[in-house]
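Here the structure is laid out as structure tokens; the discussion comes afterwards.
The values are calculated or read from the model by the stated rules, or taken from the named source; none is laboratory data. Since we're looking at a predicted model, the values are computed, not measured. FYI the Cβ positions are ideal-geometry reconstructions off the backbone, even for glycines, and counts take in every protein chain you see. For the accessible areas, the whole protein counts, side chains as well, though only heavy atoms, and no ligand, DNA or RNA atoms are used. Shrake-Rupley method; radii C 1.70, N 1.55, O 1.52, S 1.80 Å.
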Amino acid sequence: MGGEAEGGERRLGRVLSFGIPDTALGLVMGYVEDPWDRDAISLVCRHWCRVDALSRKHVTVAMAYSTTPERLFRRFPCLESLKLKAKPRAAMFNLISEDWGGSASPWIQQLSATFHFLKKLHLRRMIVCDDDINILVRAKAHMLVALKLDRCSGFSTASIALIARSCKKLETLFLEESTIDERDNDEWIRELATSNSVLETLNFFLTDLRASPEYLTLLVRNCQRLKTLKISECFMPDLVSLFRTAQTLQEFAGGSFEEQGQPVASRNYENYYFPPSLHRLSLLYMGTNEMQILFPYAAALKKLDLQFTFLSTEEHCQIVQRCPNLETLEVRDVIGDRGLQVVAQTCKKLQRLRVERGDDDQGGLEDEQGRISQVGLMAIAQGCPELTYWAIHVSDITNAALEAVGTCSKNLNDFRLVLLDREAHITELPLDNGVRALLRGCTKLRRFAFYVRPGALSDVGLGYVGEFSKSIRYMLLGNVGESDNGIIQLSKGCPSLQKLELRGCFFSEHALAMAALELKSLRYLWVQGFRTSPTGTDLMAMVRPFWNIEYIVPDQDEPCPEHQKQILAYYSLAGRRTDCPPSVTLLYPAF
């Protein structure tokens, strides 16, 4: 019987591939970029699985402990590009202890030894030591074209200098928000400038790395393909020569209008020069006296980041109304409803909008206009129909505003809303009907985050989330639900949900376990704040093959309240972790 079945499968593979040579089939698969589609193709038959394995050029491993580099190499021996994530996303908000894990060493060693075609490597939220970089450079310097150390830590500027000196084909070096030792040493920039002539992207934005204007100018002079330069703090008047040299520059971020160790002096930036090719811009610490620097170039801008500026609501309006071609806008909530109304009236091409929470004690935010409510949300929904990504912090909200998003924002694939705790009274709660309308209307949604306050989304609302989240693959929910029935109702839907994060919802261990079993596509679950069982064993109900369960207590020195306890569960072919710190208890597998 087994031989007949195997023979039948081979015949099926031949029929499905009839008339299509393997080379042609591989080329066709090369145009299929969605990993879900590639996975579906690989399941057709063994022959297609082999062709997929040999033709797959890029893979993202969303959890470094979910597999081993040896397994990955056996499955995809011809990989040219790899993105690897380790620490949970909660680490970005200091919710995970520094020693949780995430060392890149085992991966770097295997990648350097076996992945013979690897040209692009992206490590995110990992610990990368100098020895790791030394091993990588020795093995891959002759072929590496892109290296991204994204929110990583553990390495020094000496390693960056080694990369700069050795990787002469490097087109992208990305270090944004990484924690780097010996940050006052900027010799690595000179090394990069003198050793590399093909660099197109250099990004060390939001790091503490020192950057001298002289070395940066040398870099743009020698790297004439440079299109993106995102740096740390550097006094803008000292960068005039850089901008006059960088005639191919399309994106710049960083700089500063405050000179370190010097009192702030009033300067005239009205005639400041940016190259005509520059279309994406983010400036640090820009205030009222400096905003004139943008006016001559505003109409050409496609991306503008004002998150790190000292501007009032009205000053945001003055800038935005000069930017009719914006496709990406990132601001703080000081922009207010008034500012979002100006965005809606002016920026008809807007595709990505991010509104972060501002510092309540900083200038401009005391203004009553510096708050976002349903007024601003409805204005954007009605005025910016091309939005695909929308993340926003609001102080007030209504069902009608969420319904407007569902009615007007048909292209959204990523929507994230945070309801702040600034206002004592919210106009309308719960938001069940608004969430239902939003999810029913935004059929292209793949990622959905709804972080609110208790009472904003009831058990009925969670049932709506389950029912109308047919295509959502990632979901973050905060302070939602009334009882265990809410998460149970949600789990009866969400057929595509792979990654679920819950915070402050206080469902019981048993309910979480039942929901995890019911969500058939679930691969990753992170929970902070839940009701523990008397014996602490109810979580074990979610046990299944290849399912790792970790119990995390951030502070080992003091009793941990329920709202700080965490659960991390994920599928893994690698088995039990061997590098757990004292704050992490492995519940399964037991050994």
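For this structure, a couple of remarks:
- A Förster radius of 35 Å, combined with the Cβ-Cβ distance separating ASN433 from ARG50, puts the computed FRET efficiency at roughly 0.10.
- Longest to shortest principal axis, alpha-carbon extents of the range 460-528, angstrom: 25, 23, 19
- Per-residue Karplus couplings for the range 444-456, computed as 6.51 cos²θ - 1.76 cosθ + 1.60 with θ equal to phi - 60°, are listed in order as 8, 4, 10, 10, 9, 10, 9, 10, 10, 10, x, x, 7 Hz, Gly and Pro entered as x.
- Paramagnetic label zone (point 7 Å from Cα along Cα-to-C-beta, ARG531; backbone N under 14 Å) in the range 472-499: 481-488
- ASP181 paired with HIS58, simple spin-label distance in nm, labels 7 Å along Cα-to-beta-carbon: 3.3
- Put simply, the C-alpha atoms of the chain give a gyration tensor, and the ellipsoid matching it has half-axes of 39, 34, 25 Å, longest first.
- Estimated from helical segments only, the mean residue ellipticity of the chain at 222 nm is -9000 deg cm²/dmol, where each DSSP H run of four or more residues counts as -39500 (n - 2.57).
- Placing a label point 7 Å from the Cα of ALA400 along the Cα-to-Cβ direction, the residues of the range 321-348 with a backbone N closer than 20 Å are 337-342, 344-345.
- A straight chain from HIS116 to GLU423 at 0.36 nm per residue would run longer than the Cα-Cα distance by 104.9 nm.
- Compared with the alpha-carbon gap, the fully stretched path from TYR285 to THR67 is longer by 74.2 nm at 0.36 nm per residue.
- Under 13 Å from the THR388 label point (7 Å along Cα→beta-carbon), backbone N, the range 298-334: 327-328
- Each of ASN222 and LEU27 was given a label point 7 Å from its Cα along the Cα-to-Cβ line. The distance between the two points is 4.1 nm.
- Take every DSSP beta bridge whose two residues both sit in the chain; close to 15 percent of them are antiparallel.
- A P(r) calculated from all alpha carbon pairs of the range 273-363, with 5 Å bins opening at zero, reads 3, 15, 29, 28, 18, 6, 2, 0 percent.
- Amide hydrogen neighbours beyond the local backbone of LEU457, cut-off 5 Å, H modeled: LEU431, GLY481
- Heavy-atom accessible surface of the chain: percent carbon and sulfur, 1.4 Å: 50
- Average accessible surface for the chain: 43 Å² per residue, computed with a 1.4 Å probe over protein heavy atoms with every protein chain in place.
- Theoretical FRET efficiency, 1/(1+(r/R0)^6), r = Cβ-Cβ of ASP238 and LEU573, R0 56 Å, to 0.05: 0.60
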